[in-house]
Amino acid sequence: RSGEADIVPASLVTKDQVEAGGGRLVFGPEGVYVWVRLYGCFEPQHSCHDKRVRQALDYAINKELLRDQLYGGPEVFQTKGWGVATPSTIGYTPALDPWPFDPEKARQLLADAGYPGGEGFGKLIVNTFPSTSMPFQVEAAQLAADLWRRELGIDVEVRVGESTGVKEKEVAGELNGQVIWRDNETRTDAANVLVTNYGDPKGSNRLHEDPEIFHLVQETLQIVDPDKRAEASKKLFPRLREETYELGIGY
């Protein structure tokens, strides 16, 4: 504002001020992704134990609406990738890009799982927190909750906390059967995320208890040759995405 700086770190909150002063925002590509996990769904007492429920939640989110309404379009936000697998990640293919907004399919999946019109589903709790790296994180979670209410007829409560507290509850298993809507750093090699969420049967952050998936992740990450590892990862990611313990939103 004083004209004494050429380059400064800024955020979308200051966009209008920067542009009014004759400046412009330059975005770092693939900086952070929306990490939406359905936590502890391997426990059979939770509605999300049924894969059709998890997939219904994904199909009921209008990712383009979220992108355009909150972020102003693709200059800031891309509806590509699935979880940690963005276009620069080893193993990414365009086939991983988010599922389309399909409320009819979402309602049918929910009905097939035994919750027609949301009947008998119970309350879905979404945990989130303000983020310094992901703009409008809380608003994005609230928009998704509104869509789930409207399109699926389920009762949704958004709980806004602070990051440390949410993560501590997550590790303690206090958020099982709930949704965690947060940010995470993108990366070229997603090995650590895959191990934490899918490859360690005893890990406190595991998303499943499927022996086949544990074996598949461990087998893939043991491959040393980069080219063979990349090819194996291209088969691994779609298998994990199909289970939908994470929802594909974008970065």
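The values are calculated or read from the model by the stated rules, or taken from the named source; none is laboratory data. Just so it is clear, the model here is predicted, and its values are computed rather than measured. Glycine also receives a Cβ, built like all others from the backbone with ideal geometry; neighbour counts cover every protein chain displayed. Heavy atoms of the whole protein, side chains included, go into the accessibility calculation; ligands, DNA and RNA do not. Shrake-Rupley method; radii C 1.70, N 1.55, O 1.52, S 1.80 Å.
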Of the conditions (1) in a helix (DSSP H, G or I); (2) more than 26 Å from R239 (Cβ to Cβ), I125 satisfies every one except a single condition; which number is it? (1)
All but one of (1) assigned to a helix (DSSP H, G or I); (2) surrounded by fewer than 17 Cβ atoms within 10 Å (Cβ to Cβ); (3) acidic (D, E) hold for E75; state the number of the condition that does not hold. (1)
Tell me which of these T89 doesn't satisfy, since it passes every other one: (1) free of Cβ contacts under 8 Å to residues at least 40 places away in the same chain; (2) closer than 30 Å to G173 by Cα; (3) of a type in the set (S, T, N, Q). (1)
Residue that is surrounded by the fewest Cβ atoms within 10 Å (Cβ to Cβ) [pool: residues in the stretch 85-122 that are more than 15 Å from the chain's Cα centre (by Cα), part of a loop (DSSP other than H, G, I, E, B) and among the polar types (S, T, N, Q)]: S88
Quick check on the stretch 191-206. Is at least one of its residues closer than 29 Å to P29 by Cβ and small (G, A, S)? yes
Give me the pairs, please: first residue somewhere in the stretch 38-63 and without any contact (Cβ under 8 Å) to a residue 60 or more places away in the chain, second residue anywhere and surrounded by fewer than 19 Cβ atoms within 10 Å (Cβ to Cβ) and of a type in the set (K, R), beta-carbon distance under 9 Å, and either six or more positions apart or on two chains. Y59/K105
Taking the stretch 128-154 and the residues there that are of a type in the set (V, I, T) and part of a loop (DSSP other than H, G, I, E, B), the one that is nearest to R54 (Cα to Cα) would be I154
Give all pairs with beta carbons closer than 7 Å in which a residue from the stretch 162-188 that is without any contact (Cβ under 8 Å) to a residue 40 or more places away in the chain and open to solvent by 10 Å² or more (accessible area, probe 1.4 Å) meets a residue that is of a type outside the set (A, V, I, L, M, F, W, C) and assigned to a helix (DSSP H, G or I); count only pairs at least 6 apart in sequence or on separate chains. none
Go through the stretch 190-249 residue by residue and tally those that are touching a residue at least 60 places away in the same chain (Cβ under 8 Å), assigned to a loop (DSSP other than H, G, I, E, B), open to solvent by 10 Å² or more (accessible area, probe 1.4 Å) and within 25 Å of P94 (Cβ to Cβ). 1
Condition first: buried (at least 17 other Cβ atoms within 10 Å of the Cβ) and in a loop (DSSP other than H, G, I, E, B). Can you find one or more residues in the stretch 62-70 that meet it? yes
